[in-house]
Amino acid sequence: MSLAALLAGCASTRHREPVPAGLPPLPRHLGAIHDAVPRLLPRAPRGNPSSYEVDGRRYYVLATAAGYEATGVASWYGPNFNGLKTADGDRYNMYAMTAAHKTLPLPCYVRVTNLGNGRSVIVKVDDRGPFVANRLIDLSYVAAAKLGMLATGTALVEVRAITPGNPDVLTRATQHPPPPLYVQAGAFAVQRNAARVLARLHAAGLAGAFVLGPPETRSRLYRVRIGPVSGVPEFDRLVARLAALGYPGAQLVTP
């Protein structure tokens, strides 16, 4: 049986449901639900192939979560998947502090910070997904509630891996006010290539595009960015617009 077929039986296959008109009940004392506690766990025998394919796209599973850090869009999945098997063989519990990710090794632990309000949680990654464009991580129902994103269904977040036994250093994403966010269309070693892209974006009406380069950045790359971005709807629009202009793979970044 192919991996895609195997994944079809676990909770991670769709991970995109509309926010129901009547949300499922939450625990009376939401604050009493604690973050996942990072522990040293062996790599799961299930859900960790070197690569796998879903809907015609191939994903490559990371050898380790150490050093992983990314910004992007978080979504959540809930009652339609409650009790189904996750990619590593666990049962999905929408009231547990867990999450799904496309490429992080299973299991691992990450801190997820809502960049809109500064709220932060630690979750155990034990599932695959979300297999939806521009989505970085899928959170359990209760984790999404603690981040304050149930009503909107999505949020701009920072995801940072936690190594059990090492200090969990909070980043500036947890500060108030949150840092500004930008969409990065590309990074170039040659300045004229960045300038060429910038001119094309301006010609297409993306007046907010600019180039950030040495000495403003710590690297020698010239980064073409647009923003700041106000939220998920604007991020999705910009990513789709950039893809139509021939710049797929745009990323959400902080300064």
Efficiency by 1/(1 + (r/R0)^6): what FRET value for residue 66 and residue 221, r their Cβ-Cβ distance, R0 = 25 Å, to the nearest 0.05?
-> 0.60
Cβ-derived FRET efficiency at R0 41 Å, residue 168 paired with residue 192, nearest 0.05 = 0.45
So what are the radius of gyration and Dmax for the Cα set of region 35-101, in Å?
-> 13.5, 35
Give me the percent of DSSP beta bridges within the chain that run antiparallel, rounded to the nearest 5.
-> 85
Using every alpha carbon pair in region 182-253, what percent of pairs falls into each 10 Å bin from 0 up to the bin containing the largest distance?
-> 22, 57, 20, 1
Which of 195, 161, 96, positive extreme of dipole for the chain (C-beta unit charges) | 195
Based on the inverse mean of 1/r over its pairs of different Cα atoms, what is the Kirkwood hydrodynamic radius of the chain, in Å?
-> 19.2
Can you tell me the FRET efficiency between residue 23 and residue 236 if r is taken as the Cβ-Cβ distance and R0 is 30 Å, rounded to the nearest 0.05?
-> 0.85
May I ask for the angle, rounded to the nearest 10°, between helix 232-244 and the longest principal axis of the chain, with both axes built from Cα atoms and the value confined to 0 to 90°?
-> 60
In nanometres, the difference between 0.36 nm per residue of separation and the alpha-carbon distance of residue 57 and residue 200 is 48.6 nm
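Quick note: the coordinates plus some simple rules give every number you see, no bench work behind them. Just so it is clear, the structure is predicted and the values come from calculations on it, not from any experiment. Glycine gets a Cβ as well: all are built from the backbone with ideal geometry, and neighbour counts include every protein chain shown.
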